[in-house]
Ligand code: DGL
């Protein structure tokens, strides 16, 4: 079996990508991760496409040129929707895994699908296009949730306002009588307690992070580039463009029984 001991680069506009990191920790416990969260500029979801593309070029330049990652995980639906083609072209020798395709595949058995995502993701139509390209022909309803990523970045999860905000968007999904809801923004799994409460058991909730980690695992195995499992336990590096209170809270919630070895660097 071939091996590659270099880290995996995972990035998001902010703290949402930690929901994907959690699943990678669970499914690929020997791998090392360099996580970049652009907390200084998040949320991206209401920004102009060219601005997002410029930020993403900087982040991937850092991951590839300064950290020599062996694969990239776009742990952000908005970036996956808007920058995927550019990244595939720029880094054609690197495996790139996004969250949209695995998330849509996980919803293919639905009777009808609801999607909650950022305004930019919904405007791009990327989720529905991907769902259709995988053979999904069920009704598909997208609801833009322009305030939710910021709510999470500001550490609002668990507060009464969070349930109020979430209920507003979940209510729009329930009106469409769908049976399955894709969480089309990596920040939203942090709000699953609120989403489940608002849904009242009426929706199957798809967290694309689980299928994304499975897809990453598959690619590493196929290419023979997994890290050597006999090495000492992985040491992860988390880089944030600005200090974030929500980051600590989310890490505690996400990595409850598992205490990963993480070094944290704050750039701003
Ligand atoms: N976490 C991101 C996503 O999956 C983006 C949130 C944002 O920055 O607006 O879409």
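What the table below lists for this structure:
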{"quantity": "Subset tally (residues that are more than 8 Å from the ligand (Cβ to nearest atom) and either free of Cβ contacts under 8 Å to residues at least 60 places away in the same chain or in contact with a helix residue (DSSP H, G or I) (Cβ under 9 Å, 6 or more places away or on another chain) (or both)) for the range 65-78", "calculated": "8"}
{"quantity": "In the range 184-194, residue nearest to residue 11 (Cα to Cα) [restricted to those that are within 16 Å of the ligand (Cβ to nearest atom) and surrounded by 24 or more Cβ atoms within 10 Å (Cβ to Cβ)]", "calculated": "186"}
{"quantity": "Evaluation of residue 47 against (1) under 20 Å from residue 267 (Cα atoms); (2) within 16 Å of the ligand (Cβ to nearest atom); (3) in a loop (DSSP other than H, G, I, E, B) (one fails), failing number", "calculated": "(1)"}
{"quantity": "Residue that is under 26 Å from residue 251 (Cα atoms) and without any contact (Cβ under 8 Å) to a residue 24 or more places away in the chain, where the choices are 196, 175", "calculated": "196"}
{"quantity": "Residue within the range 79-92 that is within 16 Å of the ligand (Cβ to nearest atom), touching a strand residue (DSSP E or B) at 6+ places or on another chain (Cβ under 9 Å) and part of a loop (DSSP other than H, G, I, E, B) present", "calculated": "no"}
{"quantity": "Out of 181, 151, 174, sole residue that is on the phi < 0 side of the Ramachandran plot, away from the ligand (no atom under 16 Å from the Cβ) and outside any loop (DSSP other than H, G, I, E, B)", "calculated": "174"}
{"quantity": "Residue in the range 205-221 that is more than 18 Å from the chain's Cα centre (by Cα) and part of a loop (DSSP other than H, G, I, E, B) present", "calculated": "no"}
{"quantity": "Candidate set from the range 195-225 (those that are touching a strand residue (DSSP E or B) at 6+ places or on another chain (Cβ under 6 Å) and more than 16 Å from residue 22 (Cβ to Cβ)); member that is surrounded by the fewest Cβ atoms within 10 Å (Cβ to Cβ)", "calculated": "204"}
{"quantity": "Residue match in the range 37-49 (condition: closer than 21 Å to residue 6 by Cβ, out of contact with any helix residue (DSSP H, G or I) (no Cβ under 6 Å at 6 or more places or on another chain) and either buried (at least 21 other Cβ atoms within 10 Å of the Cβ) or in contact (Cβ under 8 Å) with a residue 60 or more places away in the chain (or both))", "calculated": "yes"}
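Readers should treat all values here as calculations from the given coordinates under stated rules, not as data from a laboratory. Not measured: the values here are computed from a predicted model. A quick note on method: Cβ atoms are made from the backbone with ideal geometry, for glycine too, and the neighbour counts reach across all protein chains shown.
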